[in-house]
Amino acid sequence: MEEYVFGANIIENLTTGMYQDSKVIYREYIQNSCDQIDKAVAEGLLHEGEGKIEIWLDFGQRTISIEDNATGIPASEFERTLSNIADSDKQIGKDKGFRGIGRLCGLAYCKELVFTSSVKGEGTISMMRCDAETMRKLIDDNSRGKKRTASEVLRAINKFESKKTKDINAHFFKVELIGINKENEDLLDTKKIREYLSFVAPVPYQNTFHYREKIKKHAKEIAYHIDEYSITLDGEPVFKKYFTILKKADNSKIDDIFDVVFKDFRAEDGNIFAWMWVGLTQFKQAIPKMNQMRGLRLRKDNIQIGSEDALQRLFKEDRGNSYFVGEVFAVAKDLIPNSQRDYFNENPYRAYFEKLLGRFFNEELHKIYYDGSSVNSAYKKIDAFKAKEAEFFEKDKKGSFVSEEHRTTEYGKVQDAKKQAVDAQSKIVKTKENADGIFAKVIERIEKEHPQEPVSTTPSADPPKPARRVRRTDKLSTYSKNERKLISKIFDIIVLTTDSKTAEMIISKIEDGLS
């Protein structure tokens, strides 16, 4: 039986072809470091909370360094561990990474990829240098007919060496990407990388997020440990960037998170399958994309799966996910991230997961944002009527109407607005009567933001008589009665042929010119 041959192109599939976003290299290497920190804690090498991952970017030298203080790899196992592909000793359901291919991802974005490690007590530093430029050239030659196996390419680009160190207690693992490609300079953009890590990496919530303790308390109540690690970028700690304020593109506030609620999803045996927290707002509108935290983000082992819209398809409307802020923590060990870590492998557990979440999203959450948006629109109609009515009486008092006909027309508009307000008020009452659970909290919050007297349902077709009859042209007292009558007719024509705002502007200009 002939030996199976893996061609050089498989290396391309595992590097340049594996990921669409170059920034995933950070997720892959952080994931590996987290597993080793967990192992170091379990072995007593580190105490809980002592593990750390340091990331350094050097734009001038075009280098990236990612280093942890975990177990390291023993010198005797270093070459075997790093040479083997997709032959990891890690276990599904126990470790965050398990396929043994993630370490190759850096080869696509630099000239040289270097792995360095040391284990406590050995006094040896082991190093593997990978010539990424040569790898890409060999793969390109392979595509042009000069065939090579994957093994031949790896042997050509990988070099191992070791040296002694006086620091017998050193224990670390470091990844260095040297000579970042020109087309991948975004990997050296500190701001972009910090924003990426702030939601993808398993880091703590920032202290200014008021609900972080409430979330941790709920996790503790259901016996779930949220994995959090100390990760720094250029010396500064990275935190999950959740805020309570939601903003527009002009940086003005549109809404705020006034509370968080929880939903636990249980398997048939009663064990936690997944759980989530959702931020409650007034749901005035879909959250603008500039709010980086928007969307219900999917996490496994507190590492983000996919992007902010990984769960969007579970809503019956595409827009549904953009109304929320929150996280879904997948707990079941059989929910296995796929090789690209943008979703889960297809299996019965994934189908069950989608069934549980889909039901909650489309029964509970859909009602919240749909009815919440409707109630907010209803209050806007009531506010619009109140403003229009106040404007009418203010104009009446100042004598801003150009004629009785103009006054009657404007009063008719007030009554039209009132009818819409009355209908809106009725809609709010009915919605409130049917509100329960989470939505009852939302309605209560919206009501607090709109303290006002109810709109009277008594019809009033005719405008009230003014306390004192004032004509707009009365202020033009230097003109004769006939002249003022003519000016009044001109004002009438302007009012009839243009919108209110334009009419007011033109009439005011005429008044200024005639004064």
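Any read-out appearing in this document is the output of simple, stated calculations on the displayed coordinates, not a laboratory observation. Values in this document were obtained by computation on a predicted structure and should not be read as measured data. Cβ: placed from backbone, ideal geometry, glycine included. Neighbour counts: every protein chain shown.
How much length is gained if the chain between SER508 and ASN347 is pulled fully straight, taking 0.36 nm per residue apart and subtracting their Cα-Cα distance, in nm to one decimal?
Additional length available on full extension: 50.8 nm.
Considering the options PHE392, ASN321, PHE344, tell which one lies farthest towards the positive end of the dipole of region 281-418, charges being +1 on Lys and Arg and -1 on Asp and Glu at the Cβ, about the Cα centre.
PHE344
SER500 versus SER426, label points 7 Å from Cα toward the beta carbon: distance in nm?
Result for the modelled spin labels: 2.4 nm.
Report, to the nearest 10°, how far helix 366-398 tilts away from the longest principal axis of the Cα atoms in the chain, using its own Cα long axis and a range of 0 to 90°.
It is inclined by approximately 30 degrees.
From the residues VAL429, THR409, VAL331, which one has its Cα farthest along the dipole of the chain in the positive direction, the dipole being from +1 and -1 charges on Cβ of Lys/Arg and Asp/Glu about the Cα centre?
Of the listed residues, the answer is THR409.
Could you order the peptides 65-74, 419-428 from most to least packed, using the average number of other C-beta atoms within 10 Å per residue?
65-74, 419-428
Rounded, prolate or oblate for region 170-284? Axes are the square roots of the Cα gyration tensor eigenvalues, ordered a ≥ b ≥ c, and the cut-off for rounded is a/c under 1.5.
Details: a/c = 2.33, a/b = 1.32, b/c = 1.76.
It comes out oblate by the Cα gyration axes.
Kindly state, to the nearest 0.05, the FRET efficiency for GLU213 paired with ASP186, given R0 = 30 Å and r defined as their beta-carbon distance.
0.30
How far, in degrees from 0 to 90, does helix 190-200 lean away from the longest principal axis of the Cα atoms of the chain, to the nearest 10?
90
Given R₀ = 22 Å, FRET efficiency for GLU50-ILE226 by Cβ-Cβ distance, to 0.05?
The pair GLU50/ILE226 has a calculated efficiency of 0.80.
Please work out whether region 96-193 counts as rounded, prolate or oblate from its C-alpha gyration tensor, where a ≥ b ≥ c are the square roots of the eigenvalues and a/c under 1.5 means rounded, while otherwise a/b larger than b/c means prolate and anything else oblate?
Numbers: a/c = 2.26, a/b = 1.42, b/c = 1.59.
Here region 96-193 falls in the oblate category.
Of the listed values (1) 1.03; (2) 0.96; (3) 1.18, grab the one calculated as Rg/Rh (Cα atoms, Kirkwood Rh) from the structure here.
Looking at Rg/Rh (Cα atoms, Kirkwood Rh) for this model, the match is (3).
If R0 is 45 Å, what FRET efficiency do you get for ASP318 and LYS147 from their C-beta distance, rounded to 0.05?
That pair, ASP318 with LYS147, gives E of 0.50.
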